[in-house]
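Let me begin by presenting the structure, written as structure tokens, before commenting on it.
The values are calculated or read from the model by the stated rules, or taken from the named source; none is laboratory data. These numbers were taken from a predicted model, which means no experiment stands behind them. Cβ placement follows ideal geometry from the backbone for every residue including glycine, while neighbour counts extend to all protein chains displayed.
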Amino acid sequence: MATPAVAARRALRSAASRYYVRFDRIDRTMHAFLMITFIGCALTGVPLLEADHAWARALAGMLGGIRTAGIIHRVCAAVMIVVFVAHVARVFLTALRRRNWLELVWSSTSMVPNLKDGRDIVAHVKWFLGKGERPRFDRYTYWEKFDYWAVFWGMFIIGGSGLLLWFPFFFSLFLPGWVFNIATLVHGEEALLAVGFIFTIHFFNGHVRPEKFPMDPVIFTGRISEHEMKEERGEEYDRLARGGRLSAVEASPPSPGVLAFGYVIGGTAVILGIATIVLIVGSVLL
Amino acid sequence: MRTTMRAVLCALAGTAALLLAPWADGAGPNDTCLACHGDASAKAASGKSVAVDPAVFSGSVHGSLNLPCTGCHTDVSADKIPHGPQKPVECATCHDKAAQQYKSTIHGLARAQGNAVAATCANCHGTHDIKRVADAGSKVSRANLEATCGACHGNTDVIRRANLPGGNVVAMYHDSIHGRALNQKTSAKDAVPVCTTCHGAHDMRPRADPQSRVARANIPDTCGGCHMNVKARWEQSQHGKLRQAHVMQAPGCTDCHSAHSIQRHDLDQWKLAAITACGTCHADRLDTYRDTFHGQVTRLGDARVATCDSCHGAHEVLPESDPMSRVSAQNRLATCQGCHPKANANFVQYDPHPNRHVREAGMLLFYTGKFMDLLLLGVFAFFGLHTVLWFYRSLKVVREQRAKARAVPPSENS
């Protein structure tokens with residue numbers, strides 16, 4: 001697999017002596033849980049949406065039949081909700097501890113979109129079209145913020161409708177039955193959106209685009225090389241350098257073991273995801 | 001009574017033949033014939049075997065009556081032995097009523113139209129080995145009928161060449177609930193229908209004949225001959241009422257159950273197949289059912305969630321507007337509670353056939369569907385284009401970098 005591009009990148013990586021922490025251990029653990037439960041929900045849910053196709057039946061069979069698949073789906077969903085709640089709690093507790101609510105909603109490290117994101121979109125598209133320099137991004141780019149809020153929105157829409165469908169007797173104590181029709185519709189449509197988005201756009205942006213191919217292990221190792229940080233997150237690098245805070249986030253290079261682990265886990269996720277997309281898109285076309 | 005009369009007549013004919021036969025000398029009536037034909041290797045000039053096993057013939061109904069060979073082979077004379085080719089045997093000489101009925105059967109009609117393979121008397125009853133129908137050894141006894149009819153209707157080669165309707169109907173019957181009950185020697189084996197129970201024997205008329213037992217209009221009566229209660233319930237259903245109003249497209253027994261592949265109603269395979277059967281007429285209802293959890297799970301082959309009849313009933317199906325219907329406003333809660341014991345009045349406001357594409361079916365569902373469509377379209381259009389453009393640019397950049405790296409002299413690179 002050592003194509004010239006990969007070899008070149010590896011050479012660059014080893015040349016860059018310095019690494020910085022981008023994601024801490026809790027971030028990485030949460031992403032891992034989110035990733036596993038998301039794929040779990042996707043693989044066990046997609047057979048219902050695509051029930052007309054033979055592969056859906058085969059997939060449900062591989063997962064132990066649609067009943068077992070239903071159990072896996074609910075377990076994954078419950079874990080995902082716990083991860084989500086834990087993340088939100090962590091964000092708020094951090095702000096509370098630092099007594100800095102402004103940093104949470106309006107700063108260079110905030111997840112809340114700001115004016116720079118708007119400018120970045122325009123500049124990035126101009127760069128795509130060969131009409132300008134590539135914008136210099138800060139800690140979180142506009143597409144990363146979109147991914148983040150898409151998960152938030154999805155959590156409420158898919159999670160909420162999923163809970164309605166999971167506990168219909170409880171909810172029918174105070175809700176009319178037709179909400180289950182709405183819930184079935186939005187659960188499936190939003191799931192298609194999420195699955196389609198994560199397994200194509202997110203994978204491309206984060207991993208398979210030519211600069212990163214076959215994948216970016218940062219979410220598994222937590223470490224980003226100085227070279228990559230300058231290239232992809234110049235604003236953040238400069239900001240940290242100016243403030244003399246670079247050394248605080250400096251880290252040892254990722255160990256080969258962790259790197260290999262990341263490649264295996266991430267690669268499996270990418271393969272499963274892309275296979276799901278191929279099946280879904282194939283079903284639409286054929 | 002009629003059988004006794006026939007036996008007496010046959011015995012008389014036999015005796016007369018015996019008395020008139022010039023070669024009669026106190027031995028068996030057929031000894032002269034069997035002198036040649038009794039030899040197992042006896043062949044006609046054409047090479048065709050003309051052997052007759054004396055034991056088989058004496059065990060047949062005709063043999064037991066001591067009928068002479070010439071009773072059927074009427075143009076053979078002792079004056080000319082060995083004799084040449086003979087006229088075909090005329091069963092109608094004695095069995096005139098059966099022969100008359102045969103003419104209106106599908107086999108008789110086909111023969112009259114020049115079909116040379118349609119079954120005649122001997123195909124079903126045999127020749128020298130004919131036994132009484134009640135005799136277990138008869139080719140047309142209940143136990144043997146599958147094999148006898150199956151000689152043609154269970155033989156894929158014959159079915160293909162003669163273009164027999166329905167395909168391998170005997171194989172289908174064999175695997176059906178009726179065939180299984182017959183072959184598994186259950187207590188029902190003496191009651192379950194065999195081929196002739198539904199099709200008749202000498203009144204086996206073509207389906208298009210209004211007098212046929214299997215004509216569309218007569219099927220409920222044919223099946224109802226055994227399944228009286230089911231027929232009575234069906235007659236009260238929307239399907240039965242439509243039939244009484246002469247709407248012949250309304251389903252009778254075989255439209256849902258099939259004719260020859262009838263399955264137990266509690267088999268998953270049948271429950272799932274029944275959904276498709278209902279959908280052949282109620283296509284729009286099938287579509288909307290498939291959009292629900294019930295429809296998706298059954299589509300994946302699990303029959304433990306609601307299928308059509310779980311809610312609508314089977315033979316007693318009635319429109320929602322009928323107070324007697326299982327899905328009427330009055331009965332709906334009880335019907336849902338059949339599977340969902342904790343269901344309440346709110347719960348049953350769920351629409352088990354939601355149509356998200358029709359505004360009248362529910363404004364909120366319709367507009368939610370439209371919103372979701374737009375959301376998906378918007379996100380995928382924006383990020384799809386974004387990704388394609390990005391990919392194109394990145395590829396170019398990476399290629400340029402690679403070209404630059406190659407341009408650097410090797411000494412500096414290493």
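General remarks:
- Yes/no for A:Ala269 being farther than 26 Å from A:Asp138 by Cβ and either among the aromatic types (Phe, Trp, Tyr) or out of contact with any Phe, Trp or Tyr (no Cβ under 9 Å at 6 or more places or on another chain) (or both): no
- Listed by position, the helices (runs of 4 or more DSSP H) contained in segment B:223-308 that have at least 2 residues being closer than 30 Å to A:Leu49 by Cβ and of a type outside the set (Lys, Arg) are B:268-281, B:283-290, B:293-299.
- Restricting attention to segment B:125-161, the residues that are among the aliphatic types (A, V, I, L, M) and either more than 22 Å from B:Val56 (Cα to Cα) or not in a loop (DSSP other than H, G, I, E, B) (or both) total 5.
- Test: B:Tyr350 is crowded, with 17+ Cβ neighbours inside 10 Å and modelled with pLDDT of 90 or more: yes
- Residues of segment B:59-96 that turn out to be surrounded by fewer than 14 Cβ atoms within 10 Å (Cβ to Cβ) and either among the β-branched types (Val, Ile, Thr) or in contact (Cβ under 8 Å) with a residue 40 or more places away in the chain (or both), as a count: 6
- Residues in segment A:171-197 that are without any contact (Cβ under 8 Å) to a residue 60 or more places away in the chain and more than 9 Å from chain B (Cβ to nearest Cβ): A:Ala183, A:His187.
The rows are residues; the columns are (1) farther than 16 Å from B:Arg299 by Cα; (2) more than 9 Å from chain B (Cβ to nearest Cβ); (3) at pLDDT 95 or above.
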| position | (1), (2), (3) |
| --- | --- |
| A:Ala54 | no, yes, no |
| A:Gly61 | no, no, no |
| A:Gly65 | no, no, no |
| A:Ile71 | yes, yes, yes |
| A:Arg74 | yes, yes, yes |
| A:Val79 | yes, yes, yes |
| A:Val85 | yes, yes, yes |
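- Helices (runs of 4 or more DSSP H) lying entirely in segment B:313-414 (those with 2 or more residues that are more than 25 Å from A:Trp166 (Cβ to Cβ), of a type in the set (A, V, I, L, M, F, W, C) and within 11 Å of chain A (Cβ to nearest Cβ)): B:363-407
- Within segment A:225-254, the set of residues being part of a loop (DSSP other than H, G, I, E, B) and surrounded by fewer than 15 Cβ atoms within 10 Å (Cβ to Cβ) comprises A:Gly243, A:Gly244, A:Arg245, A:Ser252.
- Within segment A:124-140, the set of residues being free of Cβ contacts under 8 Å to residues at least 24 places away in the same chain, assigned to a loop (DSSP other than H, G, I, E, B) and either within 18 Å of the chain's Cα centre (by Cα) or facing another protein chain (nearest Cβ under 10 Å) (or both) comprises A:Leu129, A:Gly130, A:Arg134.
- Top-ranked residue in segment B:284-302 [being among the aliphatic types (A, V, I, L, M) and crowded, with 19+ Cβ neighbours inside 10 Å; ranked as nearest to A:Ala183 (Cα to Cα)]: B:Val297
Yes/no matrix, rows are residues, columns are (1) crowded, with 17+ Cβ neighbours inside 10 Å; (2) within 17 Å of the chain's Cα centre (by Cα):
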{"site": "B:Lys231", "(1), (2)": "yes, no"}
{"site": "B:Trp234", "(1), (2)": "yes, no"}
{"site": "B:Ser237", "(1), (2)": "yes, no"}
{"site": "B:Val247", "(1), (2)": "no, no"}
{"site": "B:Arg264", "(1), (2)": "no, yes"}
{"site": "B:Gln269", "(1), (2)": "no, yes"}
{"site": "B:His282", "(1), (2)": "no, no"}
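- When residues of segment A:202-224 are limited to those that are part of a helix (DSSP H, G or I) and within 14 Å of chain B (Cβ to nearest Cβ), the one farthest from A:Ser107 (Cα to Cα): A:Val208
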